[in-house]
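Q: Quick one: structure below, then a few questions.
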Amino acid sequence: MRSLDFTSLLLFSAIFRVILIIYGEWQDAHMEVNYTDVDYLVFSDAASLMASGDSPYKRTTYRYSPLLAFLLIPNSLIHRSWGKFIFSASDLLVGYFIHFILQQRKVPRKLCNYCVMTWLFNPFTFTIGTRGNCEPVVCAMILWIIICLMKGNLLQSAFWYGLIVHFRIYPIIYAIPIVLVLDPNFFPSNRKPILKNWTAAQAERLNDGNCLCSLHNLLKCIFTRKRLMFGMVSAAVFFLFTGLSYYLYGWEFLHEALLYHLTRTDPRHNFSIYFYHIYLHYGYDISVMEKLISFLPQFMVQLVLIFCFAKDLPFCLFAQTVAFVAFNKVITAQYFVWFFCLLPLILPWSKMKLKWDGMLCILSWMGAQVHWLMWGYLLEFKGKNVFLELWVASLVFHAANVFILTLVIRHHRFSSFFLGLEDVKSKNVAKLE
């Protein structure tokens, strides 16, 4: 069988996305249900306001950085689909970055291309950008940060990390694992970090004390030069863009783009297990402390995953993101893209076979989602009072996510992302012999 060619995959993906954007324009003009995401209309309206000199936050429900509205100003100057092409180009860039990262880790070409295909030809991912959602931009920036760390470009990675946290606040959850991986054992002062290559036969098992060991290493040498540099630069970039946005748009920006997401209570039905409780108590006076308490399970799970898997950085980020979405107060379909961009980076290290456990994961996740969508359809379009059934479906979907994450962890070949000093020394000794 002729081997897959990455350039051909990327070219076909680009043509396919252009066709979807053109089709979306036709569907919007001729069918009752629009192809374009409602969020894209919000982005476009905010960009139009910014182009005319007004605040983008005059558009209700615009709760993003003003950088997004600025990026989409050509929507009102060139064509309304400008943003869709930008987001789809970012989508393709994610595919390129995935391929680059796997190649740098010496993953076999055929396996590498199959992993890239799980992003490029995933219905969730190719429809997100073409419908006008900005998440591919975020995914591309996160993968670029990983590439900067791989190359030892600490200042670049810190700059882009500070920018992406300003642009979309959820990547703040990656701060601790990045700081942990900047261990002097992996990032010595006299050389660039060395990647640990892919090996099919040998797995590196994390010992039982790994969690405590990572925590001990963090506390013992937390104030290393590279950690301080990353922290100060990323914080400076975040506060620079946030301060500039506050100067331009005041409290409106601070509330809508940042503070709103910390205390958000959305009474509309969504995949979250919290939606029914929020719906029943919507309109009641709920303190900020009560709203923040809902973050506690999410926070605890994040800490456990970080201190157990931080050395295996791509896997840690993937597990964190799945858990963050599963335990979030609000879950929409676009959030799934956050972990789909990281999934191809861990597949070569998985012992899971598609025929059995892999198919079980896919069917469990899709089945739980279709089950939820059935009740959502009855509520949204048929007006039936099925809130309780929908909440039960949310519980089933949450259980499916936890079950799948557990299976993925069990079948993963744990391997540190970078070679430690001892590994490098033993490698050099072996070469000399």
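Q: When only residues in the stretch 372-408 that are more than 26 Å from Ile346 (Cβ to Cβ), of a type outside the set (Gly, Ala, Ser) and in contact (Cβ under 8 Å) with a residue 24 or more places away in the chain count, which is surrounded by the fewest Cβ atoms within 10 Å (Cβ to Cβ)? Before you say what the answer is, go through the steps one by one.
A: The first filter runs over the stretch 372-408 and keeps only residues more than 26 Å from Ile346 (Cβ to Cβ), leaving 373-395.
So of that shortlist, the ones also of a type outside the set (Gly, Ala, Ser) come out as 373-375, 377-382, 384-392, 395.
Still in the list and also in contact (Cβ under 8 Å) with a residue 24 or more places away in the chain: 379-380, 387-388, 390-391, 395.
Details: Leu379: 16, Glu380: 13, Phe387: 15, Leu388: 10, Leu390: 25, Trp391: 21, Leu395: 13.
Per the stated criteria, the residue is Leu388.
Q: Take Phe124 and tell me if it is among the aromatic types (Phe, Trp, Tyr) and at pLDDT 90 or above. First the steps, then the outcome.
A: Numbers: among the aromatic types (Phe, Trp, Tyr): yes; at pLDDT 90 or above: no.
No: the conditions fail for Phe124.
Q: Checking Trp26 against (1) part of a helix (DSSP H, G or I); (2) open to solvent by less than 30 Å² (accessible area, probe 1.4 Å), which single condition isn't satisfied?
A: Among (1) part of a helix (DSSP H, G or I); (2) open to solvent by less than 30 Å² (accessible area, probe 1.4 Å), the lone unmet condition for Trp26 is (2).
Q: Hey, can you tell me all the residues within the stretch 67-84 that are aromatic (Phe, Trp, Tyr) and buried (at least 18 other Cβ atoms within 10 Å of the Cβ)?
A: Kept after step one, since they are aromatic (Phe, Trp, Tyr), are these residues of the stretch 67-84: 70, 82.
Scanning the stretch 67-84 gives a single hit, Trp82.
Q: Another one. What do you reckon, is Trp144 closer than 29 Å to Gly83 by Cβ, more than 13 Å from the chain's Cα centre (by Cα) and open to solvent by 10 Å² or more (accessible area, probe 1.4 Å)? Give the steps one after another, and end with the answer.
A: On the way: closer than 29 Å to Gly83 by Cβ: yes; more than 13 Å from the chain's Cα centre (by Cα): no; open to solvent by 10 Å² or more (accessible area, probe 1.4 Å): yes.
For Trp144, the condition - closer than 29 Å to Gly83 by Cβ, more than 13 Å from the chain's Cα centre (by Cα) and open to solvent by 10 Å² or more (accessible area, probe 1.4 Å) - is not met.
Q: Just to be sure before I move on: is Leu20 more than 17 Å from Phe124 (Cα to Cα) and surrounded by fewer than 21 Cβ atoms within 10 Å (Cβ to Cβ) in the structure I sent? Step through it out loud before you land on a result.
A: On the way: more than 17 Å from Phe124 (Cα to Cα): no; surrounded by fewer than 21 Cβ atoms within 10 Å (Cβ to Cβ): yes.
Here the answer is no, as Leu20 does not meet what is asked.
Q: Could you tell me whether the stretch 316-336 includes any residue that is outside any helix (DSSP H, G or I) and under 14 Å from Tyr174 (Cβ atoms)? Walk me through it before giving the result.
A: Initial filter on the stretch 316-336 (outside any helix (DSSP H, G or I)): 327-332.
Add one more test, that the residue is under 14 Å from Tyr174 (Cβ atoms), and what stays is none.
The answer is no, given that none of the residues of the stretch 316-336 is outside any helix (DSSP H, G or I) and under 14 Å from Tyr174 (Cβ atoms).
Q: Among Tyr96, Tyr57, Tyr64, which is the only one that is touching a residue at least 12 places away in the same chain (Cβ under 8 Å) and open to solvent by 70 Å² or more (accessible area, probe 1.4 Å)? Quick ask: steps written out before the conclusion?
A: Numbers: Tyr57 fails: open to solvent by 70 Å² or more (accessible area, probe 1.4 Å); Tyr64 fails: open to solvent by 70 Å² or more (accessible area, probe 1.4 Å).
Exactly one of Tyr96, Tyr57, Tyr64 is touching a residue at least 12 places away in the same chain (Cβ under 8 Å) and open to solvent by 70 Å² or more (accessible area, probe 1.4 Å), namely Tyr96.
Q: Looking only at the stretch 161-186, which residues are open to solvent by 10 Å² or more (accessible area, probe 1.4 Å) and within 22 Å of Lys311 (Cβ to Cβ)?
A: Tyr161, Ile172, Ile173, Ala175, Ile176, Val179, Leu180, Asp183, Pro184, Asn185, Phe186
Q: Filter the stretch 337-363 down to residues that are in contact with a strand residue (DSSP E or B) (Cβ under 8 Å, 6 or more places away or on another chain) and in a helix (DSSP H, G or I) and give me whichever is surrounded by the fewest Cβ atoms within 10 Å (Cβ to Cβ).
A: So the residue we want is Ile346.
Q: Tell me which of these Gly132 doesn't satisfy, since it passes every other one: (1) more than 22 Å from Ser8 (Cα to Cα); (2) assigned to a helix (DSSP H, G or I).
A: (2)
Q: If you check every pair at least six apart or on different chains, which have Cβ atoms under 6 Å apart with a residue in the stretch 409-428 that is at pLDDT 90 or above first and a residue that is hydroxyl-bearing (Ser, Thr, Tyr) second?
A: His411/Ser350; His412/Ser350
The values are calculated or read from the model by the stated rules, or taken from the named source; none is laboratory data. Please read these numbers as outputs of a predicted model, since none were measured by experiment. With ideal geometry, Cβ positions are generated from the backbone for all residues, glycine too; neighbour counts draw on all protein chains shown. Remember, those area values only see protein heavy atoms, side chains included, never the ligands or the DNA or RNA. Shrake-Rupley method; radii C 1.70, N 1.55, O 1.52, S 1.80 Å.
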